[in-house]
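Step one of this worksheet: look at the structure below.
The values are calculated or read from the model by the stated rules, or taken from the named source; none is laboratory data. Predicted, not measured: the structure shown is a model, and the values here were computed from it. For neighbour counting, all protein chains shown are included, and Cβ atoms are generated from backbone atoms with ideal geometry for every residue, glycine included.
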Amino acid sequence: MSDCLFCKIVEGTIPARKAYEDDQVLAFHDIQPQAPVHLLVIPKKHIATMNDCEAEDAALLGQTLLAAQKVAAEAGLAESGYRLINNCGRDAGQLVFHIHWHILGGEKLGSLNPSEKPSID
């Protein structure tokens, strides 16, 4: 996709601070981090949203999630924990329409439930 930001990162026309790369998956640091550690993990193949995945993408999706696990471990998050998020569609907050997962960590993350008050530890 010629107008896709993440495809341009994959092809090298837009720079990114890479954390991991293999022949099918790329992980890089988010330029607007929402946590002390905020990485994005993408398949190199352009798939716009989770709704656009097909059965033929199953192995690629698995490889992408295993890469996310590896990236989180290399970032020192495996033991303390991290959040792995995929936003699907505009109402969910997806801004770049190339499927991706956010790895967030490096601090105790608050609840995703707006009715829960953060604990005071």
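Details
- Whenever a residue of the stretch 5-23 is among the hydrophobic types (A, V, I, L, M, F, W, C), its partners that are modelled with pLDDT of 95 or more and loosely packed, with under 12 Cβ neighbours inside 10 Å, lying with C-beta atoms within less than 8 angstrom and at least six residues away or across chains, give the pairs LEU5/ILE14; ILE9/PRO15.
- Residue within the stretch 59-76 that is under 22 Å from ILE14 (Cβ atoms), modelled with pLDDT of 95 or more and among the acidic types (Asp, Glu) present: no
- Filter result (buried (at least 17 other Cβ atoms within 10 Å of the Cβ) and under 16 Å from ILE31 (Cβ atoms)) within the stretch 88-100: HIS98, HIS100
- Residues that are out of contact with any helix residue (DSSP H, G or I) (no Cβ under 6 Å at 6 or more places or on another chain), of a type in the set (Gly, Ala, Ser) and within 22 Å of CYS4 (Cα to Cα) do not occur anywhere in the stretch 74-86.
- Matching strands (runs of 3 or more DSSP E) fully within the stretch 10-108 where at least 1 residues are in contact with a Lys or Arg (Cβ under 6 Å, 6 or more places away or on another chain): 25-29, 101-105
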